[in-house]
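Here is the structure we will look at, set down as structure tokens.
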Amino acid sequence: MSGQTHLPKLSIGSLGGTVSMQASANGCAVVPRLGCEELLANVPQLRELAQLEMATLGLLPSASLGFAALLDVLAWARVEVERGAQAVILTQGTDSLEETAYFLDLLWPFDAPIVMTGAMRAASQPGCDGPANLLAAVNVALAPGSRGRGVLVLMNDQVHSAARVRKTASLAMAAFESPGAGALGDVVEGVVVYRQPATRRQVLPLPQRTEHRVALLEACLDADTALLQAVATLGYEGLVIAGFGAGHVSGCWAQVLDMLVPALPVIVATRTGSGPTARATYGFAGAEIDLQGKGVHLAGQLCPRKCRILLWLLIGSGRQHLLQSLLPG
Ligand code: ASP
């Protein structure tokens, strides 16, 4: 590292996911295998761009990450920035990336960005995208325009905001989008081009409690109310419903919400994947006007999964009263 001391410092942490996966032999299924150093060994150009600190923080498929692990990752990233890293890069599986990025973004207090990336093709597959994504993530991490934007997701040469990014395809290479908003920017020949300036961010305090649980249920045709009714008795402290259309539930679910809303915060979001919930259009039982009258919060643009994370963090720091003001209209 001595010949590189003029280069900016970056810290890279790896958590597992397809980007780190390999098959043990031809024809075998892939599993997480590569630690951070092995991942970076496939992208030698990185050493010409930055002094790299590397840490293997985990080796998991991203469906098995959890809030406790993310709080540890956050603490690690904090220390790296306090020790002089200009930015932090995290690699992980793409399956839960839209949730982990938002969780970390809500808690990240620095101007130095966290850039998260992964891969759709495993490291042992022809045409694997992990090395290209890592290189582009380093370009994003080093770009002055990335400062003050919190946690960014880099996939397929597009930069997405943590609040809007979603995985919208199961296996396609272009699997990430920011529905309704579009990407924040693009990486073009190694240069990051943002489409808009950074906006003001709201950062939450660290949760004081972590044992509480927030349920997420999806409204669907002819659904009974058994699970919905059980939410309070099972000890959940908050509920998110991925509602029909513009934020609607059936008449029988609406009746159960009369009983639940006094007991715990309830958010209704849209299950459609794009667009906001309505506020003042529909007048039937279970529609947004009825739900707001009951004290239900409507999610605005925030997708159901991100709503659950926001509510969990707010409950954890005793700030449920901020919920409505943090739901983007
Ligand atoms: N398919 C996933 C990925 O893209 C697996 C995971 O999320 O760990 O990484």
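The values are calculated or read from the model by the stated rules, or taken from the named source; none is laboratory data. All values reported here derive from a predicted model rather than from experimental measurement. Note: ideal-geometry Cβ built from the backbone for every residue, glycine included; neighbour counts use all protein chains shown. Only protein heavy atoms, including side chains, enter the accessible area calculation; ligands, DNA and RNA are left aside. Shrake-Rupley method; radii C 1.70, N 1.55, O 1.52, S 1.80 Å.
Residue under question is Pro131, and the condition is that it be open to solvent by 10 Å² or more (accessible area, probe 1.4 Å) and either assigned to a loop (DSSP other than H, G, I, E, B) or away from the ligand (no atom under 15 Å from the Cβ) (or both); does it hold? Before you say what the answer is, go through the steps one by one.
Details: open to solvent by 10 Å² or more (accessible area, probe 1.4 Å): yes; either assigned to a loop (DSSP other than H, G, I, E, B) or away from the ligand (no atom under 15 Å from the Cβ) (or both): no.
No, not satisfied.
Filter region 36-50 down to the residues that are more than 27 Å from the chain's Cα centre (by Cα) and open to solvent by 100 Å² or more (accessible area, probe 1.4 Å), then identify the one that is nearest to Gly190 (Cα to Cα).
Per the stated criteria, the residue is Glu48.
What's the number of the only condition in (1) open to solvent by less than 80 Å² (accessible area, probe 1.4 Å); (2) in contact with a strand residue (DSSP E or B) (Cβ under 8 Å, 6 or more places away or on another chain) that Cys252 fails to meet?
Only one criterion is unmet by Cys252, namely (2).
Which pairs do you get when a residue that is within 18 Å of Gln22 (Cβ to Cβ), found in region 54-69, comes within reach of a residue that is within 14 Å of the ligand (Cβ to nearest atom) and part of a loop (DSSP other than H, G, I, E, B), reach meaning Cβ atoms under 6 angstrom, with the pair 6+ apart or on two chains?
Close Cβ pairs satisfying both conditions: Pro61/Gly93; Ser62/Gly17; Ser62/Gln92; Ser62/Gly93; Ser62/Asp95; Ser62/Ser96.
Would you pick out the residues in region 288-300 that are out of contact with any Asp or Glu (no Cβ under 9 Å at 6 or more places or on another chain) and either closer than 29 Å to Lys167 by Cβ or charged (D, E, K, R) (or both)? Reasoning before the result, please.
So the first thing to find is which residues in region 288-300 are out of contact with any Asp or Glu (no Cβ under 9 Å at 6 or more places or on another chain), and the list is 288-293, 295, 297, 299-300.
Correct list: Glu288, Asp290, Leu291, His297, Ala299, Gly300.
Which condition number does Gly145 fail, the rest of (1) assigned to a helix (DSSP H, G or I); (2) more than 30 Å from Gln45 (Cβ to Cβ) being met?
Of (1) assigned to a helix (DSSP H, G or I); (2) more than 30 Å from Gln45 (Cβ to Cβ), only one is false for Gly145: (2).
Determine whether region 21-34 contains at least one residue that is of a type in the set (Ser, Thr, Tyr) and within 15 Å of the ligand (Cβ to nearest atom).
Looking through region 21-34, none of the residues is of a type in the set (Ser, Thr, Tyr) and within 15 Å of the ligand (Cβ to nearest atom).
Within the set of pairs 6+ apart or on separate chains, which have a first residue in region 200-223 that is free of Cβ contacts under 8 Å to residues at least 40 places away in the same chain, a second that is buried (at least 17 other Cβ atoms within 10 Å of the Cβ) and among the polar types (S, T, N, Q), and C-beta atoms under 9 Å apart?
Correct list of pairs: Leu221/Ser250; Asp222/Ser250; Ala223/Ser250.
Would a scan of region 218-237 turn up a residue that is at pLDDT 95 or above, surrounded by 17 or more Cβ atoms within 10 Å (Cβ to Cβ) and at positive phi?
Checked against the condition, which is being at pLDDT 95 or above, surrounded by 17 or more Cβ atoms within 10 Å (Cβ to Cβ) and at positive phi, region 218-237 yields no hits at all.
Return the pairs, sorted by first residue and then second, in which the second residue is more than 9 Å from the ligand (Cβ to nearest atom) and aromatic (Phe, Trp, Tyr), the first residue lies in region 90-118 and is free of Cβ contacts under 8 Å to residues at least 60 places away in the same chain and more than 12 Å from Gly130 (Cα to Cα), the beta carbons are less than 9 Å apart, and the residues are 6+ apart or on different chains.
These pairs meet every condition: Ile114/Trp108.
I'd like the full set of residues that are among the charged types (D, E, K, R) and within 16 Å of the ligand (Cβ to nearest atom), limited to region 53-75.
Those that are among the charged types (D, E, K, R) and within 16 Å of the ligand (Cβ to nearest atom): none in region 53-75.
Within region 275-287, is even one residue touching a residue at least 60 places away in the same chain (Cβ under 8 Å) and open to solvent by less than 10 Å² (accessible area, probe 1.4 Å)?
no
Does region 167-183 include one or more residues that are open to solvent by less than 30 Å² (accessible area, probe 1.4 Å) and in contact with a helix residue (DSSP H, G or I) (Cβ under 7 Å, 6 or more places away or on another chain)?
Scanning region 167-183, I find no residue that is open to solvent by less than 30 Å² (accessible area, probe 1.4 Å) and in contact with a helix residue (DSSP H, G or I) (Cβ under 7 Å, 6 or more places away or on another chain), so the answer is no.
Quick one: in region 14-35, which of the residues that are polar (S, T, N, Q) and buried (at least 19 other Cβ atoms within 10 Å of the Cβ) is nearest to Ala77 (Cα to Cα)?
Result: Ser14.
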